[in-house]
Amino acid sequence: AKSAGGNRFELADPEADARAITRHGLTTALPAALDRGEFFIEYQPLVHLGDGSVRGAEALVRWLHPQHGVLGPDRFIPLAEHTGLIVPLGRWVMEQSVRQARAWRERHGDAGPLRINVNLSPCQLHHPGLVQDTVEILERTGVTPDALCLEVTESALIGADDDLLKPLRRLAEMGVDIALDDFGTGYSNLANLRRLPVSVLKLDRSFTRGMQQFPADPVDLKIVEGIVALAHSLDLAVTVEGVETGAQAEQLRVLGCDTAQGWYYARPGPPERLHELALVDAAG
Ligand code: C2E
Ligand code: CA
Ligand code: CA
Ligand code: CA
């Protein structure tokens, strides 16, 4: 293997070769995979930090590849974005997830409405059919817009002009929640937040990592405290990602965060798992 010298030697690197071949193979297999139904969705619960109740779930897509087994989104979402397949794939994810939300609501109507969070890639945001597609999915499934939350990354909205924000504003006016995902990783101007049609901040895992030990890093605590205060002053709810321990959950609760998501509560899993979690929750 080479150590330095630049791209000239890259083709002689067998591992890089294999990666490129796999990437190419996966890219060409993507469209047929959607037709064949090789994608599936796992759901990870969103838990209210105050009372521990399950409030909803984030939909996370996976690909059951006939040769490579289950592939995570980091392996194929960038390829789908590159080829444009992300638009039909994203539409499929949204429809499946909203149908699932309806099923949860039908079963747990009294236990409080369960909501569904769906990730939107920047390509979907730029696609002119976004609002229409969303409206049609909600109509087809008979689900009210307040059951849906669309997650858009902070980096996708940095420097966004009005043309890009317009569809999000439309959706927000309809009652769909917009969450700013991976917040804190994009170096955005905090004052800019006021301009965005978002109602939820999702604090990136990099902030919660420093709270795995008790007592937590005091600088991390100060930063999260400041973000929560700012968010609440702008009427935004704060969700924290990557909560892996009870100590983290407790510190984030004390800091005033609203909801949490992470392995401490549940790993992403099949939809039946949400039924069980919500049932346990409703029972006690
Ligand atoms: P994300 O939106 O930041 O999603 C959270 C990721 O953190 C998920 O990885 C989840 O499994 C993982 N996670 C959750 N709790 C914990 C925890 O306690 N500890 C740790 N270490 N990790 C945790 P996943 O499922 O591999 O998804 C990766 C990314 O792929 C997502 O990051 C999202 O950006 C993207 N993605 C997933 N599904 C979709 C989709 O349907 N459409 C689009 N456009 N992107 C998607
Ligand atoms: Ca997300
Ligand atoms: Ca995130
Ligand atoms: Ca993240």
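The values are calculated or read from the model by the stated rules, or taken from the named source; none is laboratory data. Fair warning: this is a prediction, and the values are worked out from it, not measured in the lab. Positions of Cβ are generated from backbone atoms using ideal geometry, with glycine treated the same way; all protein chains shown enter the neighbour counts. Keep in mind that these areas ignore ligands, DNA and RNA; they rest on the heavy atoms of the full protein, side chains included. Shrake-Rupley method; radii C 1.70, N 1.55, O 1.52, S 1.80 Å.
Name every residue in region 200-218 that is crowded, with 17+ Cβ neighbours inside 10 Å and either basic (Lys, Arg) or out of contact with any Cys (no Cβ under 8 Å at 6 or more places or on another chain) (or both), in order of residue number. Selection gives LEU201, LYS202, ASP204, ARG205, PHE207, THR208, GLY210, MET211, ALA216. Within region 120-172, the set of residues being farther than 19 Å from TRP92 by Cα, touching a Gly at 6+ places or on another chain (Cβ under 9 Å) and open to solvent by 40 Å² or more (accessible area, probe 1.4 Å) comprises ASP146, SER155, ILE158. The helices (runs of 4 or more DSSP H) found wholly in region 141-259 and carrying at least 2 residues that are closer than 24 Å to LEU60 by Cα occupy 154-157, 162-174, 205-209, 246-254.
Residue check: VAL98 meets all listed conditions (1) in a helix (DSSP H, G or I); (2) farther than 19 Å from LEU26 by Cβ; (3) open to solvent by 20 Å² or more (accessible area, probe 1.4 Å) but one, namely (3). ALA80 meets all of the listed conditions (1) part of a helix (DSSP H, G or I); (2) in contact with a strand residue (DSSP E or B) (Cβ under 8 Å, 6 or more places away or on another chain); (3) not aromatic (Phe, Trp, Tyr) but one, namely (2). Taking residues in region 219-245 that are in contact (Cβ under 8 Å) with a residue 24 or more places away in the chain, and partners anywhere that are crowded, with 16+ Cβ neighbours inside 10 Å and among the basic types (Lys, Arg), the pairs with Cβ atoms closer than 7 Å and at least 6 places apart or on different chains are THR239/LYS202; GLU241/LYS202; GLU241/ARG205; GLY242/ARG205.
The rows are residues; the columns are (1) among the aliphatic types (A, V, I, L, M); (2) at pLDDT 85 or above; (3) within 14 Å of ligand 1 (Cβ to nearest atom).
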site: THR144; (1), (2), (3): no, yes, no
site: ALA147; (1), (2), (3): yes, yes, no
site: GLU151; (1), (2), (3): no, yes, yes
site: GLU154; (1), (2), (3): no, yes, yes
site: PRO167; (1), (2), (3): no, yes, no
site: GLY186; (1), (2), (3): no, no, yes
site: LEU203; (1), (2), (3): yes, yes, yes
site: GLN213; (1), (2), (3): no, no, no
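Residues in region 173-199 that are open to solvent by less than 20 Å² (accessible area, probe 1.4 Å) and of a type in the set (A, V, I, L, M, F, W, C): VAL176, ILE178, ALA179, LEU180, PHE183, LEU193, VAL198. When the residues of region 229-249 are narrowed to those that are surrounded by fewer than 20 Cβ atoms within 10 Å (Cβ to Cβ) and farther than 18 Å from TRP263 by Cα, which ends up nearest to ligand 1 (Cβ to nearest atom)? My answer is ALA237. If you check ARG102, ARG170, ARG140 for being more than 16 Å from ligand 2 (Cβ to nearest atom), among the charged types (D, E, K, R), over 21 Å from ASP35 (Cα atoms) and in contact (Cβ under 8 Å) with a residue 40 or more places away in the chain, only one passes: ARG102.
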